[in-house]
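A quick write-up on the structure given underneath.
Derivation of every value follows stated rules applied to the coordinates shown; laboratory data play no part. Please read these numbers as outputs of a predicted model, since none were measured by experiment. Here the Cβ is made from the backbone with ideal geometry for all residues, glycine too, and neighbour counts use every protein chain on show.
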Amino acid sequence: MSDSVVQTRGLTMQFGGVTAVDNVDFSLRRNELRCLIGPNGAGKSTFFKCITGMLKATSGEVWINGHETTTWDPHQVARLGVGIKTQVPSVLDGFTVRENVWLAAHRVTAADGVASRVAEAMERLAVSSLANSMVGSLSHGERQRVELSMILASRPWLVLLDEPAAGLTAAEIATLGEIVTDISRDAAVVIVEHDMQFIRSIAGLVTVFAQGRILMEDQVDKVMADPRVREVYLGRKN
Amino acid sequence: MRGEMRHALLVAIVAAIVLAVAPALIGTYTLTLLVIYGMLALSLGLIWGFGGILCFGQAAFFGLGAYTYAIAAINIGESTVPFLLGIAIPFLFAAALGAMMFYGRLSDVYLGVITLVVTLLFFRFMNSTAGPEYVVGTARLGGFNGIPGFQTLNVPGDPSAYIFGDAYYYLTAVALLIVYLLVRWLLASPFGRIAMAIRENELRVELLGYDARARKTLLFSIGGAIAGLAGTLYASWAEIVTPGMFSLGQSAEIIIWCIVGGLGTLVGPVIGAMILAYLKFALGQQSVIDNTLVLGAILILCVLLMPRGVVPTLGSALRRSYRRPQTDGTRRRPGASPAERAHV
């Protein structure tokens, strides 16, 4: 398995006659920050769901930290120390911010350390002032931060984020860039994202998806300058 | 958690006072049945109101508990072991049924249909057991006529010391209070909080590493055990068990009790059950109007005017009356968080 913490081999996902992910070989090293980009329908979110256990691949293998997780359920993947953020903020609207973050901290922390971990995670995502607010009453950006706070409270070594910048204002995206950079100091991070400015702000290696396959992998500037990427995004070569 | 249990104790003390003075107004024979129905409603209130599991077949565990007790009491004689079996068998049956449903990823309406079908299967089967070949040990199942003439509850170890009349009422009342406190403790514990979180957003809870299927199965089984306990107490009160315990009408009534009383609380379903069951009893003594029409009208009015149920609506009104101005700048929705709602 070399030094890869996430690896897929020939990963394929079909829905009826449509092949959303087509024979993808992917590899992520420890503490690496990787962005997955591609136009709508490129298969990146389906690929993300296959890694997290939300979808079971039609064929191929998924390996996380030496475990073959191809047929695992999301809770089993999460128990390996993987923090997962879905495309639409998946939070508990009827609970307070503190209760949301407690839920994440409780599973991985001894009872006497939960309160301090909750406080630390809320502080890091600047949601401490909202601790007693109902999550359902918060703005989209605040809900995104609550979800990230939950992920941090579970102290993951691998963080998988599906379109974390979706629906955020420019200021919120700038803050998110800082948060992701901060998270990547302690954990490997995979981000599925559309927003190229956001991707530039966090740099790292970029994997480009097109028609269910990996088109190329390189540094962000090289990817942006590549005519093949322009073609799949814009439908023309320059 | 300590604060929540203090609150639970306060509710239990108030309930104990009400239950202690109630015999001055209503006979203990009728009150006993109301308390048993309250416990049955509480079992559904727990799994539906806090676990989000809409079980149309809570009557199955109620009937199973009663039949288990009756069959075991005929075979064993002394009531202690039958009493425990009346709780254990519904727990195990609910565990097996729950595991099949939750590990099969069934939810919502499918879950409701399956639990209803299981209940009706029991109903059909028990109705067809009139022949002498349907016998468990020395207990004949009796078909439509059910099983009469078994040993009712006695003081543990002394089969001749029956518990009946007023003593039986106080026993069921204490049992209800104990079950209430245990359920409140469960809901205040991490298990209960996670169960409520699963009801809110199962995917998020799974993405945090919790096995929602196992937790839902356990919660469902606990609900089955409480319904089984109610069935056991009912069997000893009625001194007969019949297939009617598994009927569609019985299943529907439990759901109506919860809706009228108020989901998301424990006291709500208990109060809903006691009021509606008493109303049904009182209306049954006259012949001017059919009692199901009146109960149906109450359900419709309640759904239209108090969609959250009687207890949560009254609770919100009381909170509004006594609420202090909010000064910490936090934003709250009307109502309370699940953990706060669990206080009642």
* Mind pulling the angle between the C-alpha long axis of helix B:267-283 and the longest principal axis of chain B? Nearest 10 degrees, somewhere in 0 to 90. => 50
* Quick one: check the C-alpha center-to-center distance for the range B:16-77 versus the range B:227-288, whole angstrom. => 8
* To do: Taking only Cα atoms and a 10 Å spring cutoff, compute GNM fluctuations for chain A and point out the largest among A:S154, A:S184, A:S133.
  => A:S133
* Of all DSSP beta bridges in the protein assembly as shown, what percent run antiparallel (nearest 5)? -> 60
* To do: Report the one residue of A:A20, A:Q219, A:I173 whose Cα lies farthest in the direction of the positive end of the charge dipole of chain A (charges on C-beta: Lys and Arg +1, Asp and Glu -1; origin at the Cα centre).
  => A:A20
* Asked: Quick one: helix B:310-322 against the long Cα principal axis of chain B, what's the angle to the nearest 10°, folded into 0 to 90?
  -> 30
* How many angstrom separate the Cα center of the range B:156-192 from the Cα center of the range A:22-93? -> 49
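Quick one: A:M54, B:M245, fewest Cβ neighbours within 10 Å first, how do they rank?
Working: A:M54 19, B:M245 24.
Ordered by Cβ neighbours within 10 Å, fewest first: A:M54, B:M245.
How long are the semi-axes of the ellipsoid equivalent to the range A:91-153, from square roots of 5 times the Cα gyration tensor eigenvalues, in whole Å, largest first?
Working: eigenvalues 66, 23, 17 Å².
Semi-axes from the Cα gyration tensor: 18, 11, 9 Å.
What ratio of Cα Rg to 2.2 N^0.38 Å holds for chain B?
Values: Rg = 20.3 Å, N = 344, 2.2 N^0.38 = 20.2 Å.
Computed over Cα atoms of chain B, the ratio equals 1.00.
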* Structure fact -> Note: chain A, point scatterers on Cα, Debye, no solvent; log10 I/I(0) at q = 0.13 Å⁻¹ equals -0.78
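With +1 on each Lys and Arg Cβ and -1 on each Asp and Glu Cβ, how big is the dipole of the range A:1-141 about its Cα centre, in debye rounded to the nearest 20? List each step's numbers first, then the result.
Numbers: 13 positive and 12 negative charges, 19 e Å.
For this selection, approximately 80 debye.
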* To do: Please work out how much length the chain gains when fully extended from B:S107 to B:R2, using 0.36 nm per residue of separation minus the C-alpha to C-alpha distance, in nm with one decimal.
  => 34.5 nm
* Once label points are set 7 Å from the Cα along Cα→Cβ at both B:A96 and B:V117, what is their separation, rounded to one decimal in nm? -> 1.7
* Asked: Between the helical axis of A:170-183 and the dominant principal axis of chain A, each derived from Cα atoms, what acute angle in degrees is found, rounded to the nearest 10?
  -> 90
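To make sure I understand, if each residue's beta carbon is the centre and we count other beta carbons within 10 Å, what order do A:M13, A:M122 fall in, fewest to most?
Working: A:M13 22, A:M122 26.
Going from sparsest to densest Cβ surroundings: A:M13, A:M122.
Report the extension gain between B:N291 and B:S321 in nm, rounded to one decimal, defined as 0.36 nm multiplied by the number of residues separating them, less their alpha carbon distance. Write down the numbers at each step before the final one.
Details: separation 30, 0.36 × 30 = 10.80 nm, distance 3.56 nm.
Extending this stretch completely gives an extra 7.2 nm.
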* Asked: When a footprinting reagent is the concern and you count Cβ atoms within 10 Å, what order do A:I214, B:I298, B:I226, B:I147 take, fewest first?
  -> B:I298, A:I214, B:I147, B:I226
* Given just the C-alpha atoms of the protein assembly as shown, how large is their convex hull per residue in cubic angstrom? -> 196
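Which value, in debye to the nearest 20, gives the size of the charge dipole of the range B:2-245 about its Cα centre, when Lys and Arg are +1 and Asp and Glu are -1 at the Cβ?
Values: 12 positive and 11 negative charges, 118 e Å.
Computed charge dipole of the range B:2-245: roughly 560 debye.
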* Asked: Can you give the convex hull volume of the alpha carbon atoms of the range A:15-107 per residue, in Å³?
  -> 141
* **Eligible lysines near A:K222 by straight Cα distance, threshold 29 Å, same-chain separation 8 or greater** => A:K44, A:K49, A:K85, A:K237
* Structure fact -> Sorting B:I194, B:G165, B:F125 by the position of each Cα along the dipole of the protein assembly as shown (Lys, Arg +1; Asp, Glu -1; all at Cβ), the one nearest the positive end of that ordering is B:I194
